[in-house]
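A short write-up of the structure that comes next.
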Amino acid sequence: MKLAQRNYYGKALEFLGKTREDIVVLDADLASSTKTLDFLKAAPDRFIEVGIAEQNMIGIASGLAASGKTVFASTFAVFATGRCWEQIRLAVAYPKLNVKIVSTHCGISVGADGTSHQALEDMAIMRALPNMTVISPADAYETYDATLAIAEREGPFYMRMGRSDVPTVMPEDTGFTIGKANVLVDGSDVSLIGTGQMVHACLEAAEALRKDGISAEVINMSTIKPLDTAALGKSVGRTGCVVTAEEHSIIGGLGSAVAEYISEEGFVPMTRVGTRDTFGESGTPNELFRKYGLTAGDVASAARKTIAKKR
Amino acid sequence: MVKTTEEIARMANVLRLHVVEMTTEAGSGHPGGSLSAADLMAVLYFRVMKHDPKRPKWADRDRFILSKGHAAPILYSALAEAGYMPVEELKTLRKMGSRLQGHPVKDKIPGIEMSTGSLGQGLSMACGIALAGKMDGKDYRTFCLLGDGELQSGQNWEAAMFASHYCLRRLTVFVDRNRLQISGCTDNVMNIEPLADKWRAFGWNVMEADGHNIDAIIDACDKADKADRPSCVILDTVKGKGVSFMEDKVEFHGKSCDCEQNECAVREIMEAIEK
Ligand SMILES: Cc1ncc(C[n+]2csc(CCOP(=O)(O)OP(=O)(O)O)c2C)c(N)n1
Ligand SMILES: [Mg+2]
């Protein structure tokens, strides 16, 4: 089954609008796309349209949070992080304010809109900020649960999701624990660590590898920061090699986070699947995933290559 | 709390004395833009604002956001004199381990509402605070001090539009119109005139006042209190005000006095205080 994560973000906001008086949602003229419109319907007095003014949106969020509100601020991932990075740094991250920056339309799955709208660097620049937790749910259900989970937890969060419908990979009632990875398939030859919709590609890759007699472990790393190093260490300790997969640049995101941990703990072969220091372009998500090397086949061949490097 | 015009004027000079001494002691900091705002700060903290140093998180307190965060010394001085911290602590400005960071840090000292220092952001934060008050049916006022050079930053105008759109009438902004910024005259660096017309065009209640006349500042604050929309008070000021050799001198934007200068400055301010 394929479902759009943002629809479930909207549903979760709608629920929060009805159940929590302290929640305020901000959007910058993209509420119909980010689905914060669902919150507007549930709690019209607590939905604040800021217009096309993302830097101001972060400052408003900061002031509201300093006054006791739990604030969600949404727009497309490029604008939510790039246009106002320094505002997020000073007004949200440094004072540890209760602001949840939740972006939609991350990655090349944005498709036809092209490079200006395809955030492939957002996790990198958010991850670099002290006090910032970074979350990238794998599917619609997990997005719903993660939205409720971050609303419960005080402090700054960045959560990203794509525009398109993505296959569901998590059972509906898994729940969401911030900072905890989920092992979806046990395996012994290679660890496939995915985030966002690339978790599904990892599952497909594991299936393909299984036919060749290769046992791949699949982990959904939906919290990029803080990284679940316990789960990662345990898995890699068993398999001896690792492949990461993300719809994001291989610079600064999941792959970097895992590589930082792996290299400080001792060397094992590793390959990062992601966009390779490049911008995207217009096309359908499928065409772009093929061109930029983000298919299940790319994950599987990365796994084969990485296993071959094991001593 | 100080009340009369004379007492507030005297307090402004006490704050000036602290600014000069603490920046000299630190060997760095921004005295110019701190001194130009001294009279306003004395009016706010010792007359206009509803606040209580014993209850810095009191829900109904008036809020002040120093958007031009480099003027931290004047905020620290006002907070110390108002009783938020010991006056002796002012000497620790900019030193390792001090609560008096180079630019204000939220809650580092009770009474600091927001972290600032990156120009152009404070008004947005103030809008958020004012909006929360409106949503919660509270009557507290939110005050925000902006530099005139700072107004070159576009985010201010996003916030100005926002405040007017959401009719944040409990929000009052002051522009420290000292006509100087780092690279020289605001008029030459990037002209911001016609300033009053700009704010008016954004739907604000606009006033102009002598920023070194205590009664004029109080009067503007009182008028803003009754306004049906956000208010902007453009304060005609002199950078470095109160120390003759610092007045209207661009070099004292971000430079403290040397020993000799400090002595002269202290003598001049002391004379004004004792008058
Ligand atoms: C975004 C940003 N850019 C640059 C600076 C460096 N800076 C510090 S003070 C200043 C000049 C400020 O001039 P003005 O707003 O007129 O303040 P005042 O004259 O009251 O000191 C500059 C450019 C900064 N703090 N933030
Ligand atoms: Mg100036």
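The values are calculated or read from the model by the stated rules, or taken from the named source; none is laboratory data. Since this is a predicted model, take the numbers as computed values, not measurements. Glycine gets a Cβ as well: all are built from the backbone with ideal geometry, and neighbour counts include every protein chain shown. We work out accessible area using only protein heavy atoms, side chains counted, and drop any ligands, DNA or RNA first. Shrake-Rupley method; radii C 1.70, N 1.55, O 1.52, S 1.80 Å.
Observations, loosely collected:
- Alpha carbon centroid spacing (whole Å) that separates the range A:244-311 from the range A:68-95: 27 Å
- The equivalent ellipsoid that matches the C-alpha gyration tensor of the range A:2-167 spans semi-axes of 21, 19, 15 angstrom, in descending order.
- Once you reduce the range B:249-275 and the range B:52-100 to the center of their Cα atoms, the two points are 21 Å from each other.
- For chain B, the relative contact order works out to 24 percent when only alpha carbon pairs closer than 8 Å and six or more residues apart are counted.
- Considering all different alpha carbon pairs of the protein assembly as shown, the Kirkwood hydrodynamic radius works out to 25.6 Å.
- Three principal axis extents of chain B based on alpha-carbon atoms, in descending order, are 51, 45, 37 Å.
- The residues of the protein assembly as shown present an accessible area of 38 Å² per residue when probed at 1.4 Å with all protein chains retained.
- Carbon plus sulfur fraction of accessible area for chain A, probe 1.4 Å, in percent: 50 percent
- Shielding value for B:117-127 is 6, the average number of Cβ atoms from other chains within 10 Å of each residue's Cβ.
- Once B binds A, the 1.4 Å probe can no longer reach about 1900 Å² of accessible area, counting both sides.
- Legend: P(r) of the range A:80-138 from all alpha carbon pair distances, 5 Å bins from 0, whole percents, reading 4, 17, 30, 23, 14, 8, 3, 0.
- Measuring spread by the Cα atoms of the range B:72-230 yields a radius of gyration and Dmax of 16.5, 46 Å.
- Local electrostatic count, B:ASN178, Cβ distance below 13 Å [Lys/Arg +1, Asp/Glu -1]: -3
- Helix-only CD estimate at 222 nm, as mean residue ellipticity for chain B, using -39500 (n - 2.57) per DSSP H run (n ≥ 4): -12000 deg cm²/dmol
- Mean residue ellipticity (222 nm) of chain A, computed from DSSP H runs ≥ 4 via -39,500 (n - 2.57), nearest 500: -11000 deg cm²/dmol
- In terms of packing, defined here as the mean over residues of other Cβ atoms within 10 angstrom, the peptides A:244-256, B:49-61, B:157-169 line up highest first as A:244-256, B:157-169, B:49-61.
- The ratio of the alpha-carbon radius of gyration of the range A:180-275 to the globular-protein estimate 2.2 N^0.38 Å is 0.95.
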